[in-house]
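The structure appears right after this line, and notes come after that.
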Amino acid sequence: MDSRDILEKYKLGEIGLEEALNQLKSPGLEDMGFATIDTDRQKRTGIPEIIYASGKTTEQVRLIVERMFKNGLDILATRATSEMFEAVKTVVPGAVYNSLARTICYKHKEEITGNGYIVVVSAGTSDLPVAEEAVETARFLNNEVVTVYDVGVAGIHRLFHKWDLIRNARVIIVVAGMEGALASVVGGLVDKPVIGVPTSIGYGANFQGLSALLSMLNSCSSGVSVVNIDNGFGAACQASLINKL
């Protein structure tokens, strides 16, 4: 909140004098002791405050969501459990859980602000949890998102069946495990930014996604960038910033 919002809340009796003074000392920060919510992150970076739920207790997630909701902020929690979702529903009844992506989402207003659409391409069905995290995040950030799933290099003809949809996107997120070759294939055929997301899917020598990560980092296709293993969230944030340039 900026100073005007803080004073307006005090005027309406929504917060007390001490809380108003504390917030005026540190505008944009909500200090909860165990967490500090960055309420001005959206204005500063184009990406709002988002909750990484893994490692947090269910009660901590519920309290953070409650405080954000009261401040009029949209809610996205990644790597969240169904138990966390049940707790969040008690303070935000309209929240939605994607069990595959492990995301909890609530938006006060649905809108599209991107300049085109983002396409999320997944190599295999086993990669869908990471792909769905990217989808949920990109939609939360007000982008139109299209999905093309299970089109990996083991049956490359499947990719070309959806080719017009892929090449007409403004940004392409490619999610792939195993050897991660799909990012290079797509990158060599399009004139759009390609963001590779290596996943931890694969047999032993995949090394929990390391082989896919190294393949994507060593891509000879121009225009391919790479995020961390299983980081659908990070890919979506980058794609959203590109889509709104």
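The values are calculated or read from the model by the stated rules, or taken from the named source; none is laboratory data. These numbers were taken from a predicted model, which means no experiment stands behind them. Here Cβ is always computed from backbone atoms with ideal geometry, including for glycine, and neighbour counts include all displayed protein chains.
Of the residues that sit in the range 181-218 and are in a loop (DSSP other than H, G, I, E, B) and touching a residue at least 60 places away in the same chain (Cβ under 8 Å), which one is nearest to ALA235 (Cα to Cα)?
Of everything passing the filter in the range 181-218, THR199 is nearest to ALA235 (Cα to Cα).
Within the range 134-165, work out how many residues are within 22 Å of the chain's Cα centre (by Cα) and over 24 Å from ALA101 (Cα atoms).
Of the residues in the range 134-165, 0 are within 22 Å of the chain's Cα centre (by Cα) and over 24 Å from ALA101 (Cα atoms).
Determine whether the range 122-136 contains at least one residue that is part of a strand (DSSP E or B), closer than 23 Å to ALA181 by Cβ and in the same structural domain as CYS237 (by TED's automatic domain parsing). Walk me through it before giving the result.
Here is the first cut: in the range 122-136, the ones part of a strand (DSSP E or B) are 122.
Right, trim to closer than 23 Å to ALA181 by Cβ and you get 122.
Checking which are in the same structural domain as CYS237 (by TED's automatic domain parsing) leaves us with 122.
Yes: the range 122-136 contains one or more residues that are part of a strand (DSSP E or B), closer than 23 Å to ALA181 by Cβ and in the same structural domain as CYS237 (by TED's automatic domain parsing).
Hey, among the residues in the range 219-245 that are more than 13 Å from the chain's Cα centre (by Cα) and not in a loop (DSSP other than H, G, I, E, B), which one's surrounded by the fewest Cβ atoms within 10 Å (Cβ to Cβ)?
SER225
What tally of residues in the range 160-180 results from selecting those that are surrounded by fewer than 20 Cβ atoms within 10 Å (Cβ to Cβ) and outside any loop (DSSP other than H, G, I, E, B)? I'd like the intermediate steps shown before the answer.
To start, the set of residues in the range 160-180 that are surrounded by fewer than 20 Cβ atoms within 10 Å (Cβ to Cβ) comprises 160-165, 167-168, 170, 179.
Right, trim to outside any loop (DSSP other than H, G, I, E, B) and you get 160, 163-165, 167.
Residues flagged as surrounded by fewer than 20 Cβ atoms within 10 Å (Cβ to Cβ) and outside any loop (DSSP other than H, G, I, E, B) within the range 160-180 amount to 5.
Kindly indicate which of SER215, SER184 is out of contact with any strand residue (DSSP E or B) (no Cβ under 6 Å at 6 or more places or on another chain), surrounded by 21 or more Cβ atoms within 10 Å (Cβ to Cβ) and polar (S, T, N, Q).
Working: SER215 fails: surrounded by 21 or more Cβ atoms within 10 Å (Cβ to Cβ).
Testing whether each residue is out of contact with any strand residue (DSSP E or B) (no Cβ under 6 Å at 6 or more places or on another chain), surrounded by 21 or more Cβ atoms within 10 Å (Cβ to Cβ) and polar (S, T, N, Q) leaves just SER184.
May I ask you to list the residues in the range 79-113 that are crowded, with 21+ Cβ neighbours inside 10 Å and in contact (Cβ under 8 Å) with a residue 60 or more places away in the chain?
Answer for the range 79-113, where residues must be crowded, with 21+ Cβ neighbours inside 10 Å and in contact (Cβ under 8 Å) with a residue 60 or more places away in the chain: just ALA101.
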